[in-house]
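S.K.: The structure's right below; bear with me while I get my questions together.
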């Protein structure tokens, strides 16, 4: 019969290996979820230049940092009736939300996963007026950019 103490040395390396593997998984998972740099120190204009280049027919656009849960609201007056494309992107993890209103009445809501990809939504503006776009996130901090442009 083998005594329990003779198994202890053999099980210790296994336990260390599992602990090391578990630690590596945690480190890799944290790295995969982290933005490539600090959002607080991000150069938003440089990021926007590649993440969301300008397009003709833009009636409203913005780019910036969401550092807390407060929405960032921008408006454009005299936007003609028509069909528009809202193109949005964000980086930093989580999701950003975009709410579009015309003269105080909500037209649409859209969201974008903050992984650097671009999302689009079609927005129908039924009459000319002031278009307001509110950007927010519960996953702050992150950087975002959008433009609302006439559809072709």
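Read-outs: derived from the displayed coordinates by stated rules, not from any lab. All figures in this text were calculated on a predicted structure; none of them were measured in a lab. All Cβ positions, glycine included, derive from the backbone under ideal geometry; neighbour counts span all protein chains shown.
S.K.: Label point 7 Å out from residue 77 along Cα-to-Cβ: which residues of the stretch 121-152 have amide N under 17 Å?
M.R.: 128-133
S.K.: Quick one: length gained pulling residue 103 to residue 68 fully straight, 0.36 nm per residue minus the C-alpha distance? All intermediate terms of the calculation are to be shown ahead of the outcome.
M.R.: On the way: separation 35, 0.36 × 35 = 12.60 nm, distance 2.63 nm.
So the extension gain works out to 10.0 nm.
S.K.: Oh, and also: Which peptide among 84-92, 119-127, 132-140 comes first, and what is the full order, when sorted by highest mean count of other Cβ atoms within 10 Å?
M.R.: Values: 84-92: 23.3, 119-127: 14.4, 132-140: 19.1.
In decreasing order of mean packing, 84-92, 119-127, 132-140 become 84-92, 132-140, 119-127.
S.K.: Can you give me the three principal axis dimensions of the stretch 42-152 from its C-alpha atoms, in Å, biggest first?
M.R.: Rounded to whole Å, the extents work out to 36, 26, 18 Å.
S.K.: For the residue pair residue 115 and residue 43, what label-to-label distance in nm results when each label sits 7 Å from Cα along the Cα-to-beta-carbon direction?
M.R.: About 2.7 nm, to one decimal.
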